[in-house]
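Where a number appears in this text, it was derived from the coordinates with a stated rule and is not lab data. Everything numeric in this text was worked out from a predicted model, so none of it was measured. Cβ coordinates were reconstructed from backbone atoms using ideal geometry, including for glycine residues, and neighbour counts include every protein chain displayed.
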Amino acid sequence: MRLQAKERHVVDLGVLDIDVEFAKDEVIRTEVSTKFTRELIESEFVLAGLTPADWWSDGDYALALARKDA
Amino acid sequence: MQPEYYPTRAERALLDQYGEQIIQRSGATTLVELGSGSSEKTPALLDPLTATAGGAAVYVPVDVSVSALIAAVGKLEQEYPDLTIHGLKADIDQHLDLIPNYGTRLVGFLGGTIDNYRPAERHTFLSELAKNSNSGDTVLIGVDLIKDPQRPIRAYDDAASPPSSISMCCGFSTGDLELTSRYPGFRTLRRGMTKSTGSRCDCRLKKDTWWT
């Protein structure tokens, strides 16, 4: 997720005692929130040295099981 | 975590429904839970684990918070008198090698936390998991899935938590910023969100979204 400044402005972060200046159109990253497919996470298992073993899902969320083989 | 945060609900439902099957397929006698926190959802796996492994069952909650570990372990010790519990304070991005080596292990990384890693970090994390696993050990990872592109806005608007819960403050002028996403067609989520008042408030931007 990113936020983009629509115009130049300054943000006072009081707790940190800093002012942060944003230029127009400047983008900040606020978080990484990756969504997966079964193929994606299982291919990443394989690349890491794990073998996909099972999968439980309701279509929106999933639990992926992988095994370390000999 | 908010009760309406749907991955939490979805994961809980899957664990309740398939916990027994997960333990069976894993063949594990030890459950390691990374980022265990309050271990609130763990009984869905501990019940079938203790039923299957009996006195050999071991639970290893891993968290950076000692107070969370103490609270969780104290509660589980009462609920599972025959279970061996070994709490481990560790940063899971640094010290997967500290996970104790009891029996056949199922390492759970739940809550969709892996969503917050960038691809290279994910690879490092999964590789470290593999490196620190013995043959036959398994990992169980909760992942949020890509949805039909037509669904996000509708689901977002229908969510129990209203759009204004994306509040911005600490001096951010909400009219000056827009939420963007790299999902094609959903670049701008919502403009002109609730403007905060007052000089002090929580700066809360996190609201999970339904796309990559």
Theoretical gain in end-to-end length, B:Gln94 to B:Arg118 [0.36 nm per residue, Cα-Cα removed]
7.0 nm
Using the count of nearby Cβ atoms within 10 Å as a rough guide to exposure, how do B:Tyr59, B:Tyr80 rank from fewest to most?
B:Tyr80, B:Tyr59
So the angle from the long Cα axis of helix A:38-48 to the longest Cα principal axis of chain A, reported in degrees to the nearest 10, equals 80 degrees
Convex hull per residue volume in Å³, alpha carbons only, for chain A
167 Å³
On full extension of the chain, what length is gained from A:Glu31 through A:Asp69, given 0.36 nm per residue of separation minus the C-alpha to C-alpha distance?
10.3 nm
Set the bar at 26 Å for Cα to Cα. Now go through A:Lys68/B:Lys75; A:Lys6/B:Lys147; B:Lys89/B:Lys131; A:Lys68/B:Lys147 and name every pair that lies beyond it.
A:Lys68/B:Lys75; A:Lys6/B:Lys147; A:Lys68/B:Lys147
Calculate I(q)/I(0) for the range B:1-111 by the Debye formula, one identical point scatterer on each C-alpha and no solvent, and give its log10 at q = 0.11, 0.17 Å⁻¹ to two decimals.
-0.32, -0.79
For the range B:13-70, the dipole about the Cα centre with charges only on Cβ (Lys and Arg +1, Asp and Glu -1), to the nearest 20 debye, works out at 120 debye
Expected 222 nm ellipticity per residue - DSSP helices of 4 or more, -39500 (n - 2.57), all of chain A, to 500:
-5000 deg cm²/dmol
